[in-house]
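Inspection log for the structure reproduced underneath, given as structure tokens.
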């Protein structure tokens, strides 16, 4: 009888620990940061500041955590989902089909080896670049002198339909497959690995963020953020704090989600 009750205690304790662990990994709304005269598409963090692509004013702005503009660079041609590596901000231009680099106040151009048609997003990992080639329905992956094409137009596994964002993590390429309403994962050779989000009725998978443990997708038309583990298992859906979310950034245990139509940033904590 004693061993029976000990067994119940062990089971109950394990269940409670599992529940606490699950709660610790869930995102909870903290606050909203208003943005003045900014129509954001992409976001990256640099220390205690955030960089945003302001698509309507064709500029890149640096703001503090209260939403105040610290500095900006204009003259871009529809800047989209940006990336950061060390002190360089990589800016894909949807209109000019090029990528610009902001470094120490100087703007230069990244020379790509493959021509694109409307670059919607970029990911950078040391000397590896991945760009979302929107109208060509593909991802261009450049590794030093090697160019690999990921995907082609279509709706099957490994095929893309207007990709808008891309991320590199642990030698895998994650793609926001916008109008296929899902995310897809490829390896560095261009092979299809897995699908994420196919069963959640995503309307437009506009942006994504990949961490060590999670894949987070912005559903632009669905006004939702969907959180998955790295294997594509759904962990959480947040649906009542957004106005056309386009991109996500995470710093430690804080998540920033930008709202294009709402001109604001929704902030969450674990």
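Read the figures in this text as sums done on the coordinates, not as results from a lab. Just so it is clear, the structure is predicted and the values come from calculations on it, not from any experiment. All Cβ positions, even for glycine, are placed from backbone atoms using ideal geometry, and neighbour counts span all protein chains on display.
Below is a table of values for the structure above.
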read-out	value
Residue in the range 169-181 that is assigned to a loop (DSSP other than H, G, I, E, B), in contact with a strand residue (DSSP E or B) (Cβ under 7 Å, 6 or more places away or on another chain) and under 21 Å from residue 93 (Cα atoms) present	no
Residue, surrounded by the fewest Cβ atoms within 10 Å (Cβ to Cβ), within the range 100-144, restricted to residues that are more than 18 Å from residue 85 (Cα to Cα) and without any contact (Cβ under 8 Å) to a residue 24 or more places away in the chain	115
Selection from the range 200-242 of residues that are without any contact (Cβ under 8 Å) to a residue 24 or more places away in the chain and closer than 17 Å to residue 180 by Cα	201, 203, 221, 222, 223, 224
Residue check for residue 139: farther than 20 Å from residue 258 by Cα and outside any loop (DSSP other than H, G, I, E, B)	yes
